[in-house]
1. Quick check: anything in region 36-55 surrounded by fewer than 19 Cβ atoms within 10 Å (Cβ to Cβ), modelled with pLDDT under 90 and either among the charged types (D, E, K, R) or part of a loop (DSSP other than H, G, I, E, B) (or both)?
2. Which is at pLDDT below 95 and touching a Leu at 6+ places or on another chain (Cβ under 9 Å), of LYS233, LYS179?
3. For region 32-62, enumerate the residues that are within 17 Å of the chain's Cα centre (by Cα) and charged (D, E, K, R).
4. Consider LEU205 carefully, then state whether it is in a helix (DSSP H, G or I), out of contact with any strand residue (DSSP E or B) (no Cβ under 9 Å at 6 or more places or on another chain) and either on the phi > 0 side of the Ramachandran plot or of a type outside the set (Phe, Trp, Tyr) (or both).
5. Within region 224-243, take every residue that is in a helix (DSSP H, G or I) and in contact with a strand residue (DSSP E or B) (Cβ under 8 Å, 6 or more places away or on another chain) and give me the one that is nearest to TYR162 (Cα to Cα).
6. Among residues belonging to region 121-178 that are part of a loop (DSSP other than H, G, I, E, B) and polar (S, T, N, Q), point out the one that is surrounded by the fewest Cβ atoms within 10 Å (Cβ to Cβ).
7. Can you name the residue in region 179-222 that is of a type in the set (Phe, Trp, Tyr) and more than 22 Å from the chain's Cα centre (by Cα) and is also surrounded by the fewest Cβ atoms within 10 Å (Cβ to Cβ) among such residues?
8. Go through LEU228, LEU244, LEU258, LEU252 for me and flag whichever is over 15 Å from PRO132 (Cβ atoms) and out of contact with any Lys or Arg (no Cβ under 7 Å at 6 or more places or on another chain).
Amino acid sequence: MALNVPTFFKRLGSSIVFVAIMLTGLLWNDRSFLLLVCLINVLCLREYFRLFQKISAENYWPDWLPTVMQMISLMMILRCYSLEFNASMSKVLWVVLSLFPALFLLFGILSKKVSFFAILQALGGLFYITVPAMMLILMSIQQFRLPLILILMIWSNDTMAYLVGSFFGKTQFSSISPKKTWEGTIGGALITIIAAALVGHYTHLYNMVDWLMLALCATVAGTFGDLLESKLKRMADMKDSGSLMPGHGGALDRFDSLLIATPFAFVYVIYFMH
């Protein structure tokens, strides 16, 4: 697969703007990180509903459902943030969030118009998008550098996979994503893991095993996150989930790897990192 120079520079330009926004949110302070995660969550959920409204076109999707689910998702994220900063607010959010899944399922069962499966798919969006967003918040509370490190590793894997695949890619990785090649996938993963090992060797921030495990989460789980989103787009017969970034598509196209890599990284951080 030859390198498409105009496409490359188009992607590069939008990537520079994207990286500037991301780094500002990640590095400025804890409030800017919270706002960044909330923005990612809302944009991804909006595109998620757009995909499933095409995938399950036979189901009735009320206009208010995406908005309500986005509001609930923001409450879930604020619940995680409030664990450290506001105990009383945390208790209120906990009560609300404990009740809403049962209420929504009951509504889906009793409503004559709204499809029960539409309600289930809407709740599925919270598990797919909002739960990883909550995990990012919890990881940042434990160690503020961890979300940045994971995101940088995912960027490295995506960029190197694209470049290696463009120059050396010949063998299709999966029919779900025709442009992805084995050469690019393996090359991106190896370069990212090697880079993580070098950082682990020359710094004392975390030990070598931690760097390698986070790199594996970013490369292996991140690749499956990319394939999952490609599968959803194919089911919806859409090329991109949105048009937020020229050359990159929508928010889900940009954060698909992060959504699946985060739960694996979160489990490792909580149970194995000190």
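1. no
2. When all the criteria are applied, what remains is LYS233.
3. Matches in region 32-62: ARG46, GLU47, ARG50.
4. Numbers: in a helix (DSSP H, G or I): no; out of contact with any strand residue (DSSP E or B) (no Cβ under 9 Å at 6 or more places or on another chain): yes; either on the phi > 0 side of the Ramachandran plot or of a type outside the set (Phe, Trp, Tyr) (or both): yes.
Answer is no for this residue.
5. By that ranking, first place goes to ASP226.
6. The selected residue is SER175.
7. The selected residue is TYR202.
8. From the options LEU228, LEU244, LEU258, LEU252, the qualifying one is LEU244.
The values are calculated or read from the model by the stated rules, or taken from the named source; none is laboratory data. Quantities reported herein were computed from a predicted structural model and do not represent experimental measurements. Heads up, the Cβs are rebuilt from the backbone with ideal geometry, glycines too, and the neighbour counts pull from every protein chain shown.
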